[in-house]
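See below for the structure under consideration.
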Amino acid sequence: MSPLLQGLNPEQLAAVTLPQQHALILAGAGSGKTRVLTTRIAWLIQTNQAGPHGILAVTFTNKAAREMLTRLSAMLPINLRGMWIGTFHGLCNRLLRAHHREAGLPQLFQILDQADQLSAIKRLVKSLDVDDEKFPPRELQHFINAQKEQGLRASSVEAWDEFTKRRIEIYEAYERQCNREGVVDFAELLLRSFELLSRNEILRHHYQERFRHILVDEFQDTNVLQYRWLKLLGGGGASIFAVGDDDQSIYGFRGAEVGNMRDFEREYKVGRVIRLEQNYRSHGNILDAANAIIKHNEARLGKNLWTDAGSGEPIRVFEAMSDLDEARWIVEEIKELSRDGHARAEIALLYRSNAQSRVLEHALFSAGLPYRVYGGLRFFERAEVKHALAYLRLIANPDDDTAFSRVVNFPTRGIGARSLEQLADLAKARSLSLHGAIRELSGKAGASLSAFAALIENMRAGAEDLPLPEMVDQAIELSGLSSHYRNEKEGADRVANLDELINASASFVAEEGGREVGEEGLSDLAAFLAHASLEAGEHQAGDSDDAVQLMTVHSAKGLEFNVVFISGLEEGLFPHENAILEEKGLEEERRLMYVAVTRARARLYLSFAQTRMLHGQTRYNVASRFVDEIPVALLKWLTPKLRNAYTAGAGAVGPSRPALRQGRAGDSGFAIGQNVQHGKFGLGVIVDAEGSGNDTRVQVNFGHAGMKWLALAVAKLTPA
């Protein structure tokens, strides 16, 4: 046997040594797919089935492409420079650079990144005198990119109404602007490359003859146009070697089409689907849990992960009274793990939504534990949070020039750079703050800046005597930040972070000892702003530090850790409330949970909280259905008393899921947690009872319908 093939398991060996034919490789998490891909390429070259110039390999990240080239260089003593290995965007850029004339591009065309593209659209909107509130530039950016990813030019998009018609006109004007300036955005790279190959038969045949072997990594993440591009290149008789895992398709919101895998199997009449099911990462209990969860999804291509590493430890489950208790417990567990010799860098805290990191960060900060937010910013460093804090700083001190400069024109209110330059010159000449100099400014600049000054004064006046959380809430609303981000297609995370800032202020007020020494005389607002600055500036670990890793589940894909905590496993949070009532949405959430579970090598923790502060309110929760989908034999409950407090009953959601938790009788004599409603769309729970006799107000939480809060007047309730 060739040294290249030594150590491969039977399925890996079969995939690597397949004869030239279309192939679909279902590669489960931790099954060695990168090794299979690189060994397949090396095998083709070593056995003279292809030269480096005859292979096209597509990855989804530049990091994956570099890793593949590094591995190949170690396997083969040849020059690999002629090989095309890269991302879709990188390969399309290479193609367009080589054939810029045929593509209608200047030789030195420039590529717009996301920020540059947004700036270009903002310039266009201004030049066309378009209402940027009715047509927000970021929304237009999403619209344009979505059309391009479907392979549609502006002339091909259907105008269903006047609003869509106007967006198409702007898309058309954007295309003209880009052509005039000789620039392309990321989506344009792929679309222009596809169009070039589609219409230029000679060029298409050249590349179809050249690339006889096309290998694609993460095939489940391809979108419509990427799949069409692959089919175009593979149309001349090349073999397509598609590697992916439909159970790890979690980027539907970016346009990924998990159905491409099934379409590929059908359209290319793939005779044999090879399943890489042996896992080299996780212990058996973790894999059994992942298999049990994902089997609830329908229309899967199907596979079952297994390992010969043994069952390992049971999966630990913790039920907290609140999100703060959950965070404190996680921190204590991390301390214990560290004392037992676990490296902090091998401990990951995963969460569904970015906003959840705030409570975890605060607990780590308070405990003095270094941490790193992977693939994102810490909570108090996020742009939307810093914008809100800037408004709060102006409420506390309108002469704060740094805060003033940050938000004077955000959200946009027509204050240009020239007006700000005039204001700065005047402030310097008169030795005034920027805010103080506004009254000295006249003309159009003075009018627009005076309106901003009036806004700050109104916010300050409205904040008097308000509790801190209400003050923060009001500032977010009056500033326009909330409506600004709600109008963004992907602004939900930013809105959630703003809501979490309200929660942070409420927790700060409620937390004993929340103030530092010397802050006793400060107002709640001033003390909170100092706290936010301190927490933003400390305990973020350096690159070489042994630090706990925090990240969303989406960011965790492709990574692995010895110890993994999955927090916030509650209905409405994970699975997310927006996905619960949609079949495809719920299935993607389940795939996301599958990805989260399979990040763990040796130890896995699941946690959820009975109450959680969301949107500035305390929300009462039931455990995520994903916890119930794991066989009981795999779980070790760390809170058995709370678990035993559940009462099994009819209408349970899942085979072992109790309908509701029964609480103790409150002062009014009614059971907190009493089951008052259960139906197709959710669970109803009494979470508060006030008054007595026949007039009692309760709050009801409808979990599966999106965790909506209702206040109901109940005539009579049976005493507990």
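The values are calculated or read from the model by the stated rules, or taken from the named source; none is laboratory data. The structure presented is a predicted model; accordingly, all values stated were derived computationally and were not measured. Neighbour counts are summed over all protein chains in view; Cβ atoms, including those assigned to glycine, are modelled from backbone coordinates with ideal geometry. Surface areas here come from the heavy atoms of the whole protein model, side chains and all, with no ligands, DNA or RNA. Shrake-Rupley method; radii C 1.70, N 1.55, O 1.52, S 1.80 Å.
Couple of notes before you dig in:
- The translational diffusion coefficient of region 303-395, from Stokes-Einstein at 25 °C and 0.890 mPa s with a Kirkwood hydrodynamic radius over alpha carbon pairs, comes to 154 µm²/s.
- Long-range tail of P(r) for region 568-610 (Cα pairs > 17 Å, %): 35 percent
- Average Cα contact separation per residue, the chain, under 8 Å, 6 or more apart, as relative contact order %: 14 percent
- Sorted on the mean count of surrounding Cβ atoms within 10 Å across their residues, most packed first, peptides 26-36, 98-108 read 26-36, 98-108.
- Among 332-341, 386-395, the order from most to least packed when residues are scored by Cβ within 10 Å on average: 386-395, 332-341
- Between the C-alpha center of region 1-65 and that of region 336-391 there is a gap of 38 Å.
- Region 107-229: C-alpha gyration tensor shape, a/c 1.5 cut-off, then a/b vs b/c: prolate
- Amide H contacts of residue 85: 57, each under 5 Å away and 5 or more positions distant or on a separate chain (H built 1.01 Å from N in the peptide plane; Pro and chain starts excluded).
- Whichever aspartates and glutamates have a C-alpha closer than 19 Å to that of residue 444, once near sequence neighbours (fewer than 8 apart) are set aside: 129, 421, 425
- Close amide-amide hydrogen proximity is noted between residue 223 and 257, each under 5 Å apart and 5 or more residues distant or on a separate chain (H modeled in the peptide plane; Pro and chain starts excluded).
- Heavy atoms of the protein chains alone define the surface here; on that basis the chain has 44 Å² accessible area per residue at 1.4 Å probe size.
- Whole-number percent relative contact order across region 278-327, with pairs defined as alpha carbons under 8 Å at least 6 apart: 47 percent
- Entries of 122/148; 33/148; 126/165; 33/231; 231/295 with Cα pairs more than 25 Å apart: 33/148; 231/295
- To put it simply, the accessible area of region 425-497 at a 1.4 Å probe is 48 percent carbon and sulfur.
- Within region 184-263, the proportion of Cα pairs with more than 21 Å between them is 32 percent.
- Cα pair distances exceeding 16 angstrom across region 271-331, given as percent: 61 percent
- Convex hull of Cα atoms in the chain, direction-averaged projection (nm²): 37.1 nm²
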